[in-house]
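S.K.: Below: one structure in structure tokens.
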Amino acid sequence: MLFKGVKPNILALGADMKNNIAISLKDTVILSQYTPDLSNYENYEQFNKKVNDFLSFFDIKKVDMAICDSHPNYLSSNYARQTFTNVFEVQHHKAHFASVLMEHNHRGDCIGIVLDGTGFGDDGNIWGGEFFVKMDKTIKRIGHIKNMKLYFGEKAIKEPYRIAASYIYDITDDIEYVKSLFSDYTDVIELMPKTPYLITSSAGRLFDAVSALLNIKHKNTFEAQSAMLLEYEAKKHKTSKILDYKIDNFVVDFSMTLKQLQKGAI
């Protein structure tokens, strides 16, 4: 779409967790205050009011383009689709990459590595460990952390032992072995062969799995707790040992790393 002569008013609606919105005014971008998880009704109402207040305060009569996350079920994205006619959807991690380019006013070609927890990918899977190349005005995904099976959906993010169990089961295809690793949760783990799963390349979930495999944290009491505790423990140790991993056609496979961790080879 071309806007000739006059720069458009662009409204960006943000994601569902840690939501910020932004609006462009000629050469300026105005960022909103932070709103927590929109799945909470009061937070969603605050988000709704925030959008209306922005448009009213800056006297925006018409939004030329509304930009939202491409996730099909994000509340912020569905709000955009239902409220505005001119909606442009952006993949979550491409938006992360583009924001860094904008922050540093970088217009040339470059490589971007985005390590994150969750984002709906262009292939319908959950991305989060992505390698991009920006050429001209296009961002292309050229590689990623190897896709792994993730059972139990959102519940697994809150209880990382489920992620570790999912990954080891994906690697070994041996449910009895997985049960032996997490003997306190055998009633849950034995459900995995009959449970639907997601496919993910998430770096955040990889950190969660490692934290649980090392018995640092099996269940989170707040967001990213297991990964934070893993970082804390890592900083206490000084070692030059590098665990095994494999890179094939720009896909980074940490299966061997996870096997060594669960066997205590560190």
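S.K.: Given K194, K155, which one is closer than 20 Å to Q225 by Cβ and exposed (fewer than 14 other Cβ atoms within 10 Å of the Cβ)? Walk me through it before giving the result.
M.R.: On the way: K194 fails: closer than 20 Å to Q225 by Cβ.
The match here is K155.
S.K.: Identify, by number, the condition in (1) under 30 Å from K263 (Cβ atoms); (2) free of Cβ contacts under 8 Å to residues at least 24 places away in the same chain that G124 doesn't meet.
M.R.: Exception for G124: condition (1).
S.K.: If you scan segment 211-266, which residues turn out to be under 19 Å from F182 (Cβ atoms), open to solvent by 100 Å² or more (accessible area, probe 1.4 Å) and not charged (D, E, K, R)?
M.R.: Within segment 211-266, N215, T221, I266 meet the criteria.
S.K.: Yes or no: segment 202-210 includes at least one residue that is in contact (Cβ under 8 Å) with a residue 40 or more places away in the chain, on the phi < 0 side of the Ramachandran plot and charged (D, E, K, R).
M.R.: From segment 202-210, those in contact (Cβ under 8 Å) with a residue 40 or more places away in the chain are 202-206, 208-210; that's our starting set.
Filter again for on the phi < 0 side of the Ramachandran plot, leaving 202-206, 208-210.
Narrowing the set further to residues that are charged (D, E, K, R) leaves 205, 208.
Yes.
S.K.: Condition (residue is acidic (D, E), in contact with a Phe, Trp or Tyr (Cβ under 8 Å, 6 or more places away or on another chain) and more than 20 Å from I30 (Cα to Cα)) applied to segment 102-121: is it met by at least one residue? It would help to see each step written out before you state the result.
M.R.: If we filter segment 102-121 for residues that are acidic (D, E), which is where we start, we get 103, 109, 116.
Retained after the next criterion (residues that are in contact with a Phe, Trp or Tyr (Cβ under 8 Å, 6 or more places away or on another chain)): 116.
Then drop every residue that is not more than 20 Å from I30 (Cα to Cα), which leaves 116.
Taking every residue of segment 102-121 in turn, at least one turns out to be acidic (D, E), in contact with a Phe, Trp or Tyr (Cβ under 8 Å, 6 or more places away or on another chain) and more than 20 Å from I30 (Cα to Cα).
S.K.: Looking at K140, K155, which one is in a strand (DSSP E or B), within 18 Å of the chain's Cα centre (by Cα) and among the basic types (K, R)? Reasoning before the result, please.
M.R.: Numbers: K155 fails: in a strand (DSSP E or B).
Answer to the selection: K140.
S.K.: Suppose we filter segment 87-109 for residues that are surrounded by 15 or more Cβ atoms within 10 Å (Cβ to Cβ), farther than 26 Å from E223 by Cα and touching a residue at least 24 places away in the same chain (Cβ under 8 Å); how many remain?
M.R.: 1
S.K.: Just give me the residues in segment 3-18 being open to solvent by less than 70 Å² (accessible area, probe 1.4 Å) and more than 28 Å from the chain's Cα centre (by Cα), in sequence order. Explain how you work it out, then say what you get.
M.R.: Of all residues in segment 3-18, those open to solvent by less than 70 Å² (accessible area, probe 1.4 Å) come to 8-16.
If the condition is that a residue be open to solvent by less than 70 Å² (accessible area, probe 1.4 Å) and more than 28 Å from the chain's Cα centre (by Cα), then P8 is the only one that fits.
S.K.: Here's another thing I want to ask about it. Pick from D187, D136, D123, D174: which is acidic (D, E), farther than 28 Å from S39 by Cβ, modelled with pLDDT of 95 or more and surrounded by fewer than 16 Cβ atoms within 10 Å (Cβ to Cβ)? Let's see the steps before the verdict.
M.R.: Details: D187 fails: farther than 28 Å from S39 by Cβ; D136 fails: modelled with pLDDT of 95 or more; D123 fails: farther than 28 Å from S39 by Cβ.
Sole residue among the options that is acidic (D, E), farther than 28 Å from S39 by Cβ, modelled with pLDDT of 95 or more and surrounded by fewer than 16 Cβ atoms within 10 Å (Cβ to Cβ): D174.
Each row is one residue, and each column tells you yes or no for (1) under 25 Å from G119 (Cα atoms); (2) touching a strand residue (DSSP E or B) at 6+ places or on another chain (Cβ under 7 Å).
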| site | (1), (2) |
| --- | --- |
| I157 | yes, no |
| L206 | yes, yes |
| E231 | yes, no |
| D244 | no, no |
| D253 | yes, yes |
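S.K.: Still on this model: Name every residue in segment 19-42 that is within 11 Å of L75 (Cβ to Cβ) and either open to solvent by 50 Å² or more (accessible area, probe 1.4 Å) or free of Cβ contacts under 8 Å to residues at least 12 places away in the same chain (or both), in order of residue number.
M.R.: D37, S39, N40, Y41
The values are calculated or read from the model by the stated rules, or taken from the named source; none is laboratory data. The structure displayed is predicted, hence computed values, not measured ones. All Cβ positions, even for glycine, are placed from backbone atoms using ideal geometry, and neighbour counts span all protein chains on display. Accessible surface areas use protein heavy atoms only, side chains included; no ligands, DNA or RNA. Shrake-Rupley method; radii C 1.70, N 1.55, O 1.52, S 1.80 Å.
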